[in-house]
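Colleague: Dropping a structure here in structure tokens format, bear with me for questions.
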Amino acid sequence: MLIRLLVLATLLVLVGRIVRLLVRTPPLRKQESPPPSLVQDPVCGLYIEPQTAKESIEQEGKRIYFCSSSCARQFKTGRGVLTSGPSDRTEG
Ligand SMILES: [Zn+2]
């Protein structure tokens with residue numbers, strides 16, 4: 001009868017292990033990094049990252065980013081943005 005008890009004990013241990021494994025399984029959640037917030041260049045319509053923007057100006061408390069200095073220039077000359085800093089002459 002001792003063997004029966006031993007078998008029962010091992011069974012209990014095994015069941016305990018299985019339950020523990022089932023409980024301990026960590027949730028495998030894939031961490032996805034959020035997409036980088038892109039901003040649109042209002043001149044050419046290109047979507048760019050603010051960090052990689054060549055130029056940026058502030059207009060009405062809002063920051064506008066440009067993919068290139070030529071786009072920024074076009075925007076400035078086209079819409080008459082308040083330019084603060086060195087006087088830029090219009091050269092043609
Ligand atoms: Zn552009």
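Colleague: Among 37-46, 10-19, 55-64, how do they line up from the highest to the lowest mean number of other beta-carbon atoms within 10 Å?
Modeller: Those peptides, ordered most packed to least, come out 37-46, 55-64, 10-19.
Colleague: Now, a different point. What does the accessible area of Tyr47 come to, in Å² to the nearest 10, when a probe of 1.4 Å is used?
Modeller: Counting only protein heavy atoms, the figure is 140 Å².
Colleague: Could you please state, rounded to a whole Å, how far the C-alpha centre of the stretch 46-73 is from the C-alpha centre of the stretch 1-17?
Modeller: Measuring centre to centre over Cα atoms gives 72 Å.
Colleague: Suppose every Lys and Arg Cβ carries +1 and every Asp and Glu Cβ carries -1, with no other charges. What dipole size does the stretch 39-79 come out with about its Cα centre, to the nearest 20 debye?
Modeller: The dipole magnitude comes to about 140 debye.
The values are calculated or read from the model by the stated rules, or taken from the named source; none is laboratory data. Small disclaimer: the values here were computed from a predicted structure and weren't measured. Virtual Cβ from ideal backbone geometry, glycine too; neighbours counted across all protein chains shown. Ligands, DNA and RNA are stripped out before the accessible areas are found, and what is left, the full protein with its side chains, is counted by its heavy atoms. Shrake-Rupley method; radii C 1.70, N 1.55, O 1.52, S 1.80 Å.
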